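Here is the structure we will look at, set down as structure tokens.
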Amino acid sequence: MSTRAPASTLRSGRLAARSAVAAVAAGVAVTTVAFWLTPLQGRADFLLVAYLAGTAAYLAVAARTEGRRSVVDRLFAVLMVTAVGICLLALGSVLVYTAARGVKALDWYFFTHSMNGVGPRDDAGGAYHSIIGTLEQVLLATLISVPSGLLVAIYLSEYGRGRLASLVRTVVDVMVGIPSIVAGLFIYAFWVLGLGRGFSGFAAAMALSILMLPIVVRSSEEMIKLVPASLREAAYALGIPRWRAILKVVLPTASAGITTGVMLAVARVTGETAPLLLTAFGFDSIHNDPFSGPQSSLPLFVFSQASSAFGAAVDRAWAGALTLIAVVLLLTVAARLVTRRNRLV
Amino acid sequence: MKRIEANHVSAWYGGFKAVDDVTLAIEPKQVTALIGPSGCGKSTFIRTLNRMHEVIPGARIEGEVLLDGEDIYASGIDPVSVRRTIGMVFQRPNPFPTMSIRDNVSAGLRLNGMRKKAELEPVVEKALQGAGLWKEVRDRLDKPGASLSGGQQQRLCIARAIAVEPQVLLMDEPCSALDPVSTLRIEDLIAELKDMYTIVIVTHNMQQAARVSDSTAFFTLEVSGDPGRLVEVGPTSKIFTKPGDERTEAYITGRFG
């Protein structure tokens, strides 16, 4: 690879891959030497300085053979890869760390037993009651919020004009910002205390559906709006009434996107803890009926086990956290498989 | 077989007047071509013929459109039944992406309540044969409609439109998104379909109007922003050889537009 200015105006120099590798290696080597000879120290410091030195050497070598435009291109490629790396690192470390700590208490016993009569120091007990609670509460919350949220989304995207529509839209936007504890407090004051219905999984589901509703409405509205007007017109031109066109053409076309929005909402509320403290309350034994009496859930399970000072309880907390991630992941994958057929092409 | 008479039709999009006072008779079992430069209101006008214009928010019309003497804009007329009688094919092929080829063709019937597979099956075959697509797709009726080529998709849309057995078929530039070979196939198809349907076709392509139509209506507009007006209408052979208006002559000889 020559470093001379190229003769042709169309041709420009190109940095050889091995020069790039050599440059980065040189940067890292300089850093190593610097950390060895000078008072510089620390693992994180070393990584940061090595990263900066390697990048600088790489760009400097590139600048010798290539034009300004390609050096800037390389600079931004480095920045983007770095950003992606940081995001993946955060996600990966959460997953890996939870998995590593979680597998210790994770066995068949954990999935098939409750915490009934198990003390914090006992190396026994499981999350069966919490898994049941989470599944029931999230299912109920989904059953409440998805039909109503979809109807609001259809109203906003297909029919809503004027002041009522903008009022509804504003209310939904405000609802996105409701802190989850406030949703829990509302159900606690209104349902648990006010109507005297007491703690129950259903009360928790109502609090969760308050949090789910705005997400379902806004994401579904956007997805419905993405359906091309030409498909609606095609349906109208066949003499299909508007409501049927919405039901049979618009919604199926948008279904993949709507499902993604619903899954986001489900994922968001499955991990909610604060509103459940005031509504489901938590319970150590298996309680299958969500409509009366306190119930456990995975976030509450993790919360109560992690509050303990004993190793066995903390292990159970990690296993519960891992189970929680797995539940959300399974639901998401299942929803993807169901709607894969109906992709917008 | 239905005859359409448009009397003093004007159309607006909000405050913008797109079509001004068009009076035009469309004869049954004929192909009527609407030609004219961009913005002359021909596409807007064709959409007033089956009440598709009012689907756009803020759009409205004045005047009357008579289908065998009955005003389709009279109060008490259901636009949905008007559109079942007067079908439409659009500029861009728009098959339903979530449906198979078979379901696309039967969509109009299925979504209007006809559910029995045994009754739908012959309708699908007849419509696909009518649209000249049967031989190409009979082995893959369960594949998505979007898996076809552009020209096939447009013929699928024609099959979908004729499956509900309308009396009139409106075509809004049905070939403008297609290559010449596909265009030719659609033109042949139009020639076959006109024995059974009254056809109105909007086209930018004057050779196409000359090839497929029996009568031609020429629309134009004075300056951009003005509403489009009907200049003249007559047998296609006369419009293209001895136009009665110098603007028509200027347009068809390529001096403007």
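The values are calculated or read from the model by the stated rules, or taken from the named source; none is laboratory data. Note that this is a predicted model, so its numbers are computed, not measured. Positions of Cβ are generated from backbone atoms using ideal geometry, with glycine treated the same way; all protein chains shown enter the neighbour counts. Just so you know, the surface numbers come from the protein's heavy atoms only, side chains and all, with ligands and any DNA or RNA stripped out. Shrake-Rupley method; radii C 1.70, N 1.55, O 1.52, S 1.80 Å.
Only Cα pairs within less than 10 Å get springs; with that Gaussian network setup on chain A, which residue of A:Ala77, A:Ala204, A:Ala229 has the largest fluctuation? Among A:Ala77, A:Ala204, A:Ala229, the largest mean-square fluctuation in the Gaussian network model of chain A belongs to A:Ala77. In segment A:233-267, burial by the other protein chains removes 30 Å² or more of accessible area from A:Glu233, A:Ala234, A:Tyr236, A:Ala237, A:Leu238, A:Gly239, A:Ile240, A:Pro241, A:Arg244, A:Lys248, A:Val249, compared with the chain on its own (1.4 Å probe, ligands and nucleic acids ignored).
Annotation note: trypsin sites (Lys or Arg not before Pro) in segment A:140-174 located in DSSP loop regions with a Cβ neighbour count of at most 15 within 10 Å are A:Arg161.
Comparing A:Gly42, A:Ile86, A:Val96 along the charge dipole axis of segment A:13-103, the residue lying farthest to the positive side is A:Ile86, per the Cβ-charge model.
Would you please name the trypsin sites (Lys or Arg not before Pro) within segment A:236-345 that are DSSP coil residues with at most 12 other C-beta atoms within 10 Å of their C-beta? Listed in order of number, the matching sites are A:Arg340, A:Arg341.
Note on B:Lys135: aspartates and glutamates with a C-alpha under 14 Å away, same-chain residues under 8 apart excluded, are B:Glu125. Label positions at B:Asn7 and B:Glu232, each projected 7 Å from the Cα along the C-beta direction, are separated by 2.6 nm. Going by accessible surface with a 1.4 Å probe and the largest first, A:His113, A:His287 read A:His113, A:His287. Taking segment B:120-153 and a reference point 7 angstrom along Cα→Cβ of B:Asn205, the backbone N atoms nearer than 12 Å belong to B:151.
Here is how the number arises for chain B: DSSP H runs of 4 or more residues each give -39500 (n - 2.57), the sum is divided by the residue count, and the result at 222 nm is -10000 deg cm²/dmol.
Across B:Thr44, B:Thr183, B:Thr98, mean-square fluctuation computed from a Gaussian network of chain B (C-alpha pairs under 10 Å connected) peaks at B:Thr98.
Rounded to the nearest 500, the 222 nm mean residue ellipticity of chain A from helices alone is -23000 deg cm²/dmol, with -39,500 (n - 2.57) taken per DSSP H run of at least 4 residues.
Computing FRET efficiency as 1/(1 + (r/R0)^6) for B:Glu62 and B:Met196, where r is the C-beta to C-beta distance and R0 is 30 Å, gives about 0.40.
A Cβ-based charge dipole, computed about the Cα centre of chain B with Lys and Arg at +1 and Asp and Glu at -1, lands at about 860 debye. Over every Cα atom in the protein assembly as shown, the radius of gyration and the widest Cα-Cα span, Dmax, amount to 33.7, 103 Å. Legend: mean number of C-beta atoms from other chains within 10 angstrom of residue C-beta atoms, peptide B:81-88, equals 3.
Ranking A:Trp191, A:Thr259, A:Val328 by Cα position along the charge dipole of segment A:118-344, where only Lys, Arg, Asp and Glu carry charges on their C-beta atoms, puts A:Thr259 farthest toward the positive end.
Derived value for chain A: Kirkwood hydrodynamic radius 24.7 Å. Basis is the mean of 1/r over every pair of different alpha-carbon atoms.
Our note on the geometry: Cα centres of segment B:180-257 and segment B:44-120, 23 Å apart.
For A:Arg244 and B:Ser224, a Förster radius of 51 Å and the Cβ-Cβ distance give a FRET efficiency of 0.85, rounded to the nearest 0.05. For A:Val249, neighbours were defined as the other residues whose beta-carbon sits under 14 Å from its Cβ, and their charges (Lys and Arg +1, Asp and Glu -1) total +3. In this simple spin-label approximation, A:Ala335 and A:Leu48 carry label points 7 Å from Cα along the Cα→Cβ vector, and these lie 3.9 nm apart. Among the residues of B:93-100, the average count of other protein chain beta-carbon atoms within 10 Å of the residue beta-carbon is 6.
The B-A contact accounts for approximately 1900 Å² of buried accessible area, totalled over both chains at a 1.4 Å probe radius. Of all the options B:Pro166, B:Pro144, B:Pro180, the one that moves most in a Gaussian network model of chain B with Cα springs shorter than 10 angstrom is B:Pro180. Seen from a random direction on average, the alpha-carbon convex hull of segment A:13-103 projects onto 7.6 square nanometres. Ligands, DNA and RNA left out, the accessible area of the protein assembly as shown computed with a 1.4 Å probe is 62% carbon and sulfur.
Shape analysis of chain B based on the Cα gyration tensor places the equivalent ellipsoid semi-axes at 31, 21, 16 Å, largest first. The mean number of partner chain beta-carbon atoms within 10 angstrom of a residue's beta-carbon across peptide B:105-112 is 4.
Annotation: the antiparallel percentage among DSSP beta bridges lying fully within chain B is about 55. DSSP finds beta bridges in segment B:82-229, and of those with both partners inside it, around 20 percent are antiparallel.
Taking trypsin sites (Lys or Arg not before Pro) as exposed when their DSSP state is a loop state and no more than 12 other Cβ atoms lie within 10 Å, the longest site-free interval of chain B runs over B:117-254. Note on A:Ala26/A:Ala99: beta-carbon distance plugged into 1/(1 + (r/R0)^6) with R0 of 30 Å gives a FRET efficiency of 0.20.
Hey, which of these cross-link pairs are over 29 Å Cα-Cα: B:Lys42/B:Lys143; B:Lys42/B:Lys116; A:Lys248/B:Lys117; A:Lys225/B:Lys17; B:Lys2/B:Lys126? The answer is B:Lys42/B:Lys143; B:Lys42/B:Lys116. About the centre of its Cα atoms, segment A:13-103 shows a dipole size close to 200 debye [charges on the beta carbon of Lys, Arg (+1) and Asp, Glu (-1) only; nearest 20 debye]. The 3J(HN,Hα) values that the Karplus relation (6.51, -1.76, 1.60; θ = phi - 60°) gives for segment A:315-326 are, in residue order, 4, 5, 4, 5, 4, x, 4, 5, 4, 4, 4, 4 Hz. Gly and Pro appear as x. Which of the aspartates and glutamates could be linked to B:Lys238 by a straight reach, that is with a Cα gap under 14 Å, when you skip same-chain ones fewer than 8 residues away? Within the straight-line limit of under 14 Å, B:Lys238 reaches these aspartates and glutamates: B:Asp214, B:Glu246, B:Glu249. Considering only B:Pro93, B:Val80, B:Leu67, the residue lying farthest towards the positive end of the dipole of segment B:47-101 is B:Pro93, judged by Cα position with unit charges set on Cβ. Equivalent ellipsoid of segment A:202-270: semi-axes from √(5λ) of the C-alpha gyration tensor, largest first, are 30, 12, 8 Å. The magnitude of the dipole of the protein assembly as shown, with charges of +1 and -1 set on the Cβ of Lys/Arg and Asp/Glu and taken from the Cα centre, is near 1520 debye.
If I model a spin label as a point 7 Å beyond the Cα along the Cα-Cβ vector, how far apart are those points for A:His113 and A:Ala189 in nm? Each label point lies 7 Å from its Cα, and together they span 4.3 nm.
Taking all protein chains together and rolling a 1.4 Å probe, B:Cys157 ends up with roughly 10 Å² accessible.
DSSP beta bridges fully contained in the protein assembly as shown are about 55 percent antiparallel. Strictly greater than 18 Å: what percent of every Cα pair in segment B:1-49 meets that? That fraction is 31 percent.
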